[in-house]
Amino acid sequence: MTLRQIALIGLLLTAAGCSRSISLTVTDQVINPCYLGNGVEWDPYDEAISWGSALTDAQWDTLYSRLDFMRPQYVRCMINSPFTYYTGTGFQDNRNAEALLKLLSYCQSRGVLVVYGEYNPPNWDMKGSQEWVEASVRHLNWLVADNGFTCIRHFVIFNEPDGNWASTNGDFAFWKEMVGRFQAQMDRYPALAGVSIAGPDAVIDYTNPASAYDFAGWLEATVKEVPEVGIYDMHAYPGQHYVRSGEFQKTLEALKAKVDGPIILGEAGFKYFSDPADSVLAKEYWRRVEGHPFTKGSDCNMLVYDDFYALDMPLLLMSVMNAGFSGAAAWMLDDAMHSNWDSGKTEDVKLWGMWNILGQAVFGDASQEAVRPWYYTWSLMCRHFPAGSRIVKLDGALPADVAGTAALLPDGSSSVALVNFGPKDYPIELTLPVPVEGYSLQTFRTSLEKKAVSGTSFTLPAQSFAIFAQ
């Protein structure tokens, strides 16, 4: 579906067999007084060079157009130093820099906040190397000072350091020491005064047996022992039942209660194969993995193509917003960004994205370049809940199969998002704190539909997502 087609599709507001009307009120009870906004993980296509298919200007233009529609408020951008500033024998700041510079130039020009960082050191033997610390921070300064990317506001020094897949292997004391060493090195560069370290970057609902802490313990210890951290961030890959039941939001609320200040999800997506309650989805997931030409299922989500994923992702985001978190970056923008372990194996990519921009060039399948349904719903959550919004309580008795969130925007307008993941249509009656002239209702079922409205009554169809906003 093209963006032009989206604008031409009308919204049918009436439906047979509607349930009893739901009355909702956008209150002035503030959950989060200054939301940072929603966005995506967008990494600089390191492996495209080794595949012999560095992105063309036309492909970059396609990405820019799609991101302009999305309007991400923040981007998490992670690099692998062996593809960028580490040559294997030494360090070079501007090595293979074109894609990274294009990506950051877009963010700088659009005012997008960037959480930038490194997945791991150049090799695991260097994880405690002062030479790496100095080279990493020097490269960061090259981006901020020499290239003017003041959009970089936060810095991740290890991806998911609690994990047994990380070079840190869950060693909190080591990670804490490295945070101090990185901060001391950053303090040597005046241009980096506006960049703070993000952490702990730990994974919710995961515990490494080798670690002294579970995921909540990592966050709590970071708050108490690591003052260098300027913004707290966690990762989340819940199952469908966990989110739809409301339990995931309770987990987030408990985490938010541990911090005084903003906390974000640096990565967010669904894993449908870890919860017995999702067994039907898991069966379909593994059926699709078998014999797939682009992935072995070692790190992917085979259900990103489905319409229901376009309901699940904004539903996850509603849990984030209602729990008092300050934003989330979807994992991830584009399949073409990574293979598993960045091995370069085109038969085992991290298939998680909103498309694969190298579908034809590398994988011989142009259909993979098309946008997937969840791009539209995630985009609306980015567009209509911008940075600076106040997330407020949405008052009313919602059925178990409907969820919602609301915000008062910096310009004085308001936005309301709703997901109906049940089998019934629901008439909605909204009460808003501002007049409704000029509002529009955008819904997603199997396509995105849009209609200007002048009232506050509408139907939320079964298995649909809706945004009521100016």
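The values are calculated or read from the model by the stated rules, or taken from the named source; none is laboratory data. Predicted, not measured: the structure shown is a model, and the values here were computed from it. Quick reminder, even Gly has a Cβ in these numbers, built from the backbone with ideal geometry, and neighbours come from all protein chains shown. These accessible areas exclude ligands, DNA and RNA; they are computed on the full protein's heavy atoms, side chains included. Shrake-Rupley method; radii C 1.70, N 1.55, O 1.52, S 1.80 Å.
Using Cα positions and a limit of under 26 Å, work out the lysines in reach of residue 176, with same-chain residues fewer than 8 apart set aside.
127, 224, 256, 258
For a label point 7 angstrom out from the Cα of residue 398 toward its Cβ, which stretches of region 251-294 have the backbone nitrogen within less than 15 Å?
251-253
Over the C-alpha atoms of region 52-167, what are the Rg and the largest Cα-to-Cα span, Dmax, in Å?
Using the Cα atoms of region 52-167, the pair Rg, Dmax is 14.9, 42 Å.
How large is the accessible surface per residue of the chain, computed with a 1.4 Å probe and reported in Å² as a whole number?
Details: 17530 Å² over 470 residues.
Normalised by residue count, the accessible surface of the chain is 37 Å².
Determine the relative contact order of the chain: mean sequence separation of Cα pairs under 8 Å and six or more apart, normalised by residue count, in whole percent. Don't jump to the answer; show the numbers that get you there.
Values: 1013 pairs, mean separation 101.8, N = 470.
Across the chain, relative contact order equals 22 percent.
Can you compute the helix-only [θ] at 222 nm over the chain? Use -39500 (n - 2.57) per DSSP H run of at least 4 residues, normalise by all residues, nearest 500 deg cm²/dmol.
On the way: 12 runs with 126 residues, N = 470.
Taken over the chain, the calculation gives -8000 deg cm²/dmol.
In whole Hz and in residue order, list the ³J(HN,Hα) couplings for region 110-123 that follow from phi through the Karplus curve 6.51 cos²θ - 1.76 cosθ + 1.60, θ = phi - 60°; x for Gly and Pro.
Going residue by residue, I get 9, x, 8, 5, 10, 9, 10, x, 10, 5, 7, x, x, 8 Hz, with x marking Gly and Pro.
Quick one: Karplus J couplings for region 166-178, per residue in order, coefficients 6.51, -1.76, 1.60, θ = phi - 60°, nearest Hz, x for Gly and Pro?
Result, rounded to whole Hz: 9, 5, 6, 6, x, 7, 5, 4, 5, 4, 4, 4, 5.
Could you work out the relative contact order of region 358-470, using alpha carbon pairs under 8 angstrom and six or more residues apart, expressed as a whole percent? Let's see the in-between values first.
Values: 191 pairs, mean separation 26.7, N = 113.
Relative CO of region 358-470 lands at 24 percent.
Using DSSP to call loops (not H, G, I, E or B), can you name the chymotrypsin sites (Phe, Trp or Tyr not before Pro) in region 162-232 whose Cβ has at most 15 other Cβ atoms within 10 angstrom?
Details: sites: 165, 172, 174, 175, 182, 206, 213, 215, 218, 232; in loops: 165, 206, 213.
Within region 162-232, the qualifying chymotrypsin sites (Phe, Trp or Tyr not before Pro) (loop, at most 15 other Cβ atoms within 10 Å) are 165.
How about region 96-155: which trypsin sites (Lys or Arg not before Pro) there lie in a loop by DSSP and see at most 13 other Cβ atoms within 10 Å?
Numbers: sites: 102, 110, 127, 138, 153; in loops: 127.
Filter output for region 96-155: empty list.
Full extension from residue 440 to residue 89: what is 0.36 nm times the residue separation minus their Cα-Cα distance, to one decimal in nm?
Numbers: separation 351, 0.36 × 351 = 126.36 nm, distance 5.69 nm.
My answer for the length gained is 120.7 nm.
Can you compute the FRET efficiency between residue 20 and residue 308 using 1/(1 + (r/R0)^6), with r the Cβ-Cβ distance and R0 = 25 Å? Round to the nearest 0.05. All intermediate terms of the calculation are to be shown ahead of the outcome.
Values: r = 25 Å, r/R0 = 0.99.
So, using R0 = 25 Å, E works out to roughly 0.50.
Determine the share of region 59-149's accessible area contributed by carbon and sulfur atoms, expressed in whole percent, with a 1.4 angstrom probe. Mind dumping the intermediate values first?
Details: 1430 of 3400 Å².
Reported share for carbon and sulfur atoms: 42 percent.
Tally Lys/Arg at +1 and Asp/Glu at -1 over every other residue whose Cβ is under 15 Å from the Cβ of residue 128; what's the total? Spell out each step's value before the answer.
Numbers: positive: 127, 176, 181; negative: 118, 125, 131, 134, 171, 177.
Around residue 128, the charge tally is -3.
Suppose each label sits 7 Å from its Cα in the direction of the beta carbon; what would the residue 429-residue 196 distance come out to in nanometres?
4.5 nm
Relative contact order (percent) for region 73-155, with alpha-carbon contacts under 8 angstrom and 6 or more residues of separation?
Values: 95 pairs, mean separation 31.0, N = 83.
Relative contact order, region 73-155: 37 percent.
Hey, which lysines would be in cross-link range of residue 296, C-alpha to C-alpha under 19 Å, not counting anything within fewer than 8 residues on its own chain?
Answer for residue 296, where 19 Å is the Cα cut-off: 271, 283, 345, 350, listed by chain and number.
Let's test the formula: R0 of 30 Å, r as the Cβ-Cβ distance of residue 165 and residue 50. What FRET efficiency results, to the nearest 0.05?
Working: r = 22 Å, r/R0 = 0.72.
Step by step, r from the Cβ atoms, then E = 0.90.
Subtract the Cα-Cα distance of residue 212 and residue 253 from 0.36 nm times their separation in residues, and report this length gain in nm to one decimal. Each step should come with its number before you reach the end.
On the way: separation 41, 0.36 × 41 = 14.76 nm, distance 2.28 nm.
Stretched out fully, the residue 212 to residue 253 stretch lengthens by 12.5 nm.
Just to confirm a number: summing +1 for Lys and Arg and -1 for Asp and Glu over residues other than residue 403 whose beta-carbon lies under 15 angstrom from that of residue 403, what do you get? The partial results should precede the final answer.
Numbers: positive: 244, 250, 393, 424; negative: 247, 253, 312, 395, 401.
Neighbour charge sum, excluding residue 403 itself: -1.
Just the accessible area for residue 338, please: 1.4 Å probe, Å², rounded to the nearest 10?
Surface accessible to solvent at residue 338 totals approximately 0 Å².
Find the centroid of the Cα atoms in region 96-115 and in region 319-358, then give the distance between the two in whole Å.
Measuring centre to centre over Cα atoms gives 17 Å.
Where a Cα-Cα gap under 23 Å defines reach, which lysines qualify for residue 451, not counting those fewer than 8 residues away within the same chain?
424
Of all accessible surface on region 150-261 at a 1.4 Å probe, what whole percent is carbon and sulfur?
Values: 2080 of 4330 Å².
Its accessible area is 48 percent carbon and sulfur atoms.
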